[in-house]
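Bear in mind that the values in this text are calculations on the coordinates, not laboratory data. Model, not experiment: these values are computed from the prediction. Here Cβ is always computed from backbone atoms with ideal geometry, including for glycine, and neighbour counts include all displayed protein chains.
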Amino acid sequence: MVVRRVGLKYRAAAPATVLVLFAAVGLDAQQPQRVERVDVARVLIDARVVDGTGRPILGLEPDDFDVRIGGQHVRVESAQWIGGAVPRSGPIPSTDLAGILQAEPAVPPRLIVFVVQKSLERDRLIGLLRILQESDRLLAGLTPDDRVAVLSFDSHLKIWLDFTGDLDRVRTVLATEIMFRKPVPIAPGRGLSLISRLSQQVGRKTYAIEDALRLLGDALEPLPGSKSVVLIGHGFGPAMPAITVTSVLDKSYTDARAALHAARAAVFCLDVTDADYHTFEVGLQTLAVETGGFFARTHLFARRAIDRVANALVGHYVLFVETPDAAPGTHRIEVELVREQGSVFARNSYVE
């Protein structure tokens, strides 16, 4: 996403324009006026930063980040932490160390969407049930000020909950309803709403998970701020050796990725398949890396994988960086820490 600065304020796609008027005696009224445009553009990058134990790192400043776009170093002008309250108990332990989590209100509310990819195949079903029974841990860092929506996908897309702050209801849907019941009709909620742009009727005509992710991105794009999507499932893509999978992910995946990029939605993928490796995990891995999330297997250490995602949902940094002097096209984004030890997760491409 690119924003342009006007004075001391940031506005999306709003160039700073200097209008030069030429007024002279006898100047023909039909003579065209000359206009000079001065664009001061900035690239916005959402970055999630965690330490070696998976806990978010707070207190970072612009100089703590090294950002390259298309191989060029670009200056980070600001780094703003957007986060919510930290639970007193849960996957994130309390600490007195500076730079580790402190309770802060989320402004605007964090938007989180859970997407459950259902399957009755044995090597997927056991892992899926395990994660859903532990799903309460995914909500440990959230508060009623946050907004959560729940979708599922099997033969088609289903919508269970529009954005809500009722975390008890979210727990019930994930743990007990989503596998054994049918969603009831729901009306768009007040304020922030997902289903005002993504209806049950559209969902019933959506037969591929890549198309479901594209529709989700389109519905999220008008909503403010960064979003987090937690995809609990078994993957997608062609059934062929992994060495070729990433080169043949089809246009439907490309469209889904573009929609999620436009929505500033990072996807965190929890693979429920009971296997050390399988072909369809490459789709999950690619989606996570390219949107700024991460991929985690769950068949051996399910709670550890869940807690990693729960930590990542706590908050993120919004980086405003200079626009590179780059030719039109797609350029790689690389974000690293320079004064701290940790991992940074951010989308990996920028379109000039």
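Considering Cα pairs under 8 angstrom that are at least six residues apart, work out the relative contact order of segment 129-261 and quote it in whole percent.
On the way: 148 pairs, mean separation 29.9, N = 133.
Answer for segment 129-261 is 22 percent.
Relative to the compact-globule estimate of 2.2 N^0.38 Å, the Cα radius of gyration of segment 201-241 comes out at 1.40. Return the FRET efficiency for the residue pair residue 334, residue 53: r is the Cβ-Cβ distance, R0 is 22 Å, and the value is rounded to the nearest 0.05. Plugging the Cβ-Cβ distance into 1/(1 + (r/R0)^6) gives 0.40.
P(r) for segment 196-352, from all Cα pairs and a bin width of 10 Å, is 10, 36, 37, 16, 2, 0 %, short bins first. With the simple model of a label 7 Å out from the Cα in the direction of the Cβ, residue 352 to residue 200 spans 4.9 nm.
The alpha-carbon atoms of segment 290-352 define a convex hull whose volume equals 111 cubic angstrom per residue.
Sketch the reach of a paramagnetic label on residue 80 as a point 7 Å from Cα along Cα-to-Cβ, and name the residues of segment 311-348 whose backbone nitrogen lies under 15 Å away. 316-321, by backbone N distance to the label point.
Compute the FRET efficiency between residue 341 and residue 166 as 1/(1 + (r/R0)^6), taking r as their Cβ-Cβ distance and R0 = 45 Å, and round to the nearest 0.05. Kindly include the intermediate steps, with their values, before the conclusion.
Numbers: r = 38 Å, r/R0 = 0.85.
Given R0 = 45 Å and the Cβ-Cβ separation, E is 0.75.
With θ taken as phi - 60° and the Karplus curve 6.51 cos²θ - 1.76 cosθ + 1.60 applied, the whole-hertz 3J(HN,Hα) list for segment 216-222 is 4, x, 4, 6, 7, 4, x Hz, x standing for glycine and proline.
Any idea what the alpha-carbon Rg over 2.2 N^0.38 Å comes to for segment 101-228? Mind dumping the intermediate values first?
Numbers: Rg = 14.6 Å, N = 128, 2.2 N^0.38 = 13.9 Å.
Computed over Cα atoms of segment 101-228, the ratio equals 1.05.
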